[in-house]
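S.K.: Input: one structure, supplied below.
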Amino acid sequence: MSERKNLCVFVALHPSDGQLAAQLGEQEALHAAERCANRIERALAAHSGQILVAETDTTVAVFERCDSAVLAASDALQRIHGLPPLRGARQPVRIGLHYGVVDLDGVRTAGEGITLATQIGNLCEPEQALASAAVTMLLGGAARALLGTRALGGPAFTRLGVQVFSIGLRSPLITSIPAAARVSQRLRLRHQQDVLFVEEHRPVLLLGRELGNDITIMDPRASRQHARIERRREGFVLFDQSTNGTFITLDNEAERCIKQDRIVLNGQGRIGCGFSANEVERDLVFFDIV
């Protein structure tokens, strides 16, 4: 007999896709996907998730509490980030969370909760976890601190019809990580008169032309959702998701343009959203690690 329940659904997509197979070969790509799935299953077990589907390229689990699901997603990303790169490639895992109806009949799983969590997972970038607003409304303090302060924007999220928030990583100051490799506590960003921090209590920060971003860039060369900065195991990572690219200077190094890619922000420098960071421009963002 089928049972219908409201649960928090966790869907992890970790395919050994064509690009990974081209870099590693089919067998090694398959092994990488299996290793990723193992890390996800360990994170789920650590937070009392009930696994419904465990396949090579997909893992589906449910939680009674949304807090546990968000912590499991953050933990899974943390474990996967700890895996060594394979010839420069990383496992393209994507994790979607949604709180909704799940049909459980012992043979198959279905329902709006699983459908929407899967759709959210498909909107993720590699190594990203996203949660719907239905999840965020049921969170307590510890888990809520892992979410970005603003919903993500763009045509794909508009078509989805629900607000979606990025999930950051838990505090990476773990004793097993060498002191030299630990993430500093805070990344300070200065934009015009505003000073903001990426830190444990705000692990994700959004930059772009839309007013809903944490840092609003008025320059027309900036995209509406231009870039995001996440506090991760390897440091403070900027992800570009723009049309014109993000220009970055790090200390005294030559300027770099990141387009649909990512970069770890070390030391201090400047960020130009769609324009050179060497320009005398009021919309420059200055950063340093404090």
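The values are calculated or read from the model by the stated rules, or taken from the named source; none is laboratory data. Remember, it's a predicted structure, so these values are computed and weren't measured experimentally. Glycine gets a Cβ as well: all are built from the backbone with ideal geometry, and neighbour counts include every protein chain shown. To get the accessible areas, we keep the full protein, side chains included, count just its heavy atoms, and leave off ligands, DNA and RNA. Shrake-Rupley method; radii C 1.70, N 1.55, O 1.52, S 1.80 Å.
S.K.: For the chain, what is the accessible area per residue in Å² when the probe is 1.4 Å?
M.R.: Result: 46 Å² of accessible area for each residue.
S.K.: Where nothing but the Cβ of Lys and Arg (+1) and of Asp and Glu (-1) is charged, how large is the charge dipole of the chain around its Cα centre, in debye to the nearest 20?
M.R.: Using Cβ point charges on Lys, Arg, Asp and Glu, the chain gives about 440 debye.
S.K.: Would you please put 217-223, 130-136 in order of how densely packed they are, using the mean number of other Cβ atoms within 10 angstrom per residue and starting with the highest?
M.R.: With the highest mean Cβ count within 10 Å placed first, the list reads 130-136, 217-223.
S.K.: Can you tell me the order of 40-52, 111-123 when each peptide is scored by its average per-residue count of other Cβ atoms within 10 angstrom, highest first?
M.R.: 111-123, 40-52
S.K.: If I model a spin label at Glu112 and Glu64 as a point 7 Å from the Cα along the Cα→Cβ vector, what separation in nanometres do I get?
M.R.: 2.3
S.K.: Starting from the Cα-Cα distance between Leu83 and Lys259, subtract it from 0.36 nm times their residue separation and give me the gain in nm to one decimal.
M.R.: 60.9 nm
S.K.: Which order do the peptides 277-283, 249-255, 260-266, 145-151 come out in when sorted by mean C-beta neighbours inside 10 angstrom, highest first?
M.R.: By packing density, highest mean first, the sequence is 145-151, 260-266, 277-283, 249-255.
S.K.: Another question about this same structure. Grab the other residues whose beta carbon is less than 14 angstrom from that of Cys66, score K and R as +1, D and E as -1, and report the net.
M.R.: Spelling it out: positives minus negatives among the neighbours equals +1.
S.K.: Just to be sure I understand, if you calculate percent of Cα pairs over 29 Å apart for this structure, which of [x] 31; [y] 35; [z] 57 do you get?
M.R.: Answer label, from the structure shown: [y].
S.K.: If you roll a 1.4 Å probe over the chain with all protein chains in place, what percent of the accessible area is carbon or sulfur?
M.R.: The C+S portion of the solvent-accessible surface of the chain is 48 percent.
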